Amino acid sequence: MAVATRGTSSNYLQRGPSPSGLVDVVDLILDKGLVIDAYVRVSVIGIEVLTIDARIVVASVDTYLRFAEAVNRLDLTQTELAGIEELRGGGKEKETKGAVEGIKEGIRGNGKKREKQRSSGR
Amino acid sequence: VAAVVVYGVVEPGTRLPRTAGIDGVRPRLVEARTVAALVGDLERDELLARRRDLTAHMDVLTAATERTTVLPMQFGVVMAGDDEVREDFLEPLEERLRDLLDRFENLVEMRLSARYDEQELLAEIVATDGRVQRLRGAAGRELALGELVADAYQRLCARDARPLLEAIGTLVEDEVSGDGREWNLLTASFLVRRSNRAAFERHVERWAETNAGRATCELAGPMPPYSFVDLELAPPEAAWA
């Protein structure tokens, strides 16, 4: 899954035959593709994997509060806005990242064994 | 050999990808008249969804896509042996699988993931939205502020994605939106004809360039049509058959 720059190489676009992030890989091959239910046998185990809890509901109180926190902690002295905004809270910009990054990809390694053995649909 | 994992369905006689599959085992073909399964031998009878196994599954299918039309299986389809692959899968579904191979001939999936840089995006929102400026730092107004930011973010997503979607409109056969992760700008899979791929990629590159510095963009592919295959797509068997 190494990101090769085969074909094209622009500085703005990361390019590879497969997605570099595990979240995208999981989205494609655990959620999609042809399936014959009776024969899906996967154990999901341990820290390496995988319940992806990355779906963000933008319109939720939770999200509003996180967005507010992030924007309140935003340090505009680093931007062209410095002149029009009051210059308070200087030197806090490093903290802002953590505010939202903490929840952006909850890949929960669960010890649970998920075995799908549904009866064959058709 | 305890079992076989089924990676996907391909044209019979397809040249095998050189990629090592799950557990380092090279894939091989199980054929049934007009369709074939790309399978790998397993020393166990179920799979673990470890990163390296998921990656191996995807790598086999990506490599096969360089040579032929591939109908990708979901990760984790394990059958007892070649006979079961033929008798329980390929033969009963042969017509549908054949129809899908024809339908997806020369079509590949390209997946775009674009995310905003948080700092740049928030600065942009503050700079352009007077209401956000006024509520910023106001005690007790966090919910209202957050809602304004969320609205502004969603408007920006729509505005920023539109030029690309318009530009590639005639080059894609189908598209499916992916999950929106935090500060997602656009996550989507596109079904693209191989002959349109270069033009498609040029549009994506140009678009990524216009968003340089404020969003990171990744384009993956060509991959088999994970997001578009569905056994239900094939015409149902006649009721009296």
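The values are calculated or read from the model by the stated rules, or taken from the named source; none is laboratory data. Keep in mind that what you see is a predicted model, and the values were worked out from it rather than measured. A quick note on method: Cβ atoms are made from the backbone with ideal geometry, for glycine too, and the neighbour counts reach across all protein chains shown. Accessible surface is based on the protein model in full, side chains and every heavy atom, while ligands, DNA and RNA are left aside. Shrake-Rupley method; radii C 1.70, N 1.55, O 1.52, S 1.80 Å.
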The lone condition residue B:6 fails out of (1) open to solvent by less than 40 Å² (accessible area, probe 1.4 Å); (2) touching a helix residue (DSSP H, G or I) at 6+ places or on another chain (Cβ under 7 Å); (3) at pLDDT below 95 is (3)
Taking the stated definitions as given, is residue B:31 outside any loop (DSSP other than H, G, I, E, B), under 28 Å from residue B:193 (Cβ atoms), more than 10 Å from chain A (Cβ to nearest Cβ) and not aliphatic (A, V, I, L, M)?
yes
Residue ID - surrounded by the most Cβ atoms within 10 Å (Cβ to Cβ), chosen from residues in the range B:119-178 that are assigned to a helix (DSSP H, G or I) and in contact (Cβ under 8 Å) with a residue 60 or more places away in the chain
B:121
Determine, yes or no, whether residue A:10 is within 7 Å of chain B (Cβ to nearest Cβ), in contact with a strand residue (DSSP E or B) (Cβ under 7 Å, 6 or more places away or on another chain) and either over 30 Å from residue B:138 (Cα atoms) or at pLDDT 50 or above (or both).
no
Any idea which of (1) open to solvent by 30 Å² or more (accessible area, probe 1.4 Å); (2) of a type in the set (S, T, N, Q); (3) within 16 Å of the chain's Cα centre (by Cα) is the one residue B:189 doesn't satisfy?
(1)
Give just the number: which of (1) open to solvent by less than 10 Å² (accessible area, probe 1.4 Å); (2) part of a helix (DSSP H, G or I) does residue B:59 not satisfy?
(1)
Breaking point among (1) under 30 Å from residue B:150 (Cα atoms); (2) part of a helix (DSSP H, G or I); (3) of a type outside the set (Gly, Ala, Ser), for residue B:202:
(1)
Could you tell me which residue of the range B:40-56 is farthest from residue B:83 (Cα to Cα), considering only residues that are at the interface with another protein chain (Cβ under 8 Å from one of its Cβ atoms) and not in a strand (DSSP E or B)?
B:51
Are any of the residues in the range B:209-230 assigned to a helix (DSSP H, G or I) and either farther than 28 Å from residue B:94 by Cα or of a type in the set (S, T, N, Q) (or both)?
yes
Can you go through B:103, B:67 and tell me which one is out of contact with any helix residue (DSSP H, G or I) (no Cβ under 8 Å at 6 or more places or on another chain) and open to solvent by 40 Å² or more (accessible area, probe 1.4 Å)?
B:67
If residue B:74 passes every condition in (1) under 20 Å from the mean Cα position of the chain (by Cα); (2) more than 8 Å from chain A (Cβ to nearest Cβ); (3) closer than 18 Å to residue A:37 by Cβ; (4) open to solvent by 10 Å² or more (accessible area, probe 1.4 Å) but one, which one does it miss?
(2)
With respect to residue B:199, determine if the residue is more than 9 Å from chain A (Cβ to nearest Cβ) and open to solvent by less than 40 Å² (accessible area, probe 1.4 Å).
yes
Residues within the range B:202-233 that are hydrophobic (A, V, I, L, M, F, W, C), within 25 Å of residue B:121 (Cβ to Cβ) and open to solvent by less than 20 Å² (accessible area, probe 1.4 Å), tallied
7
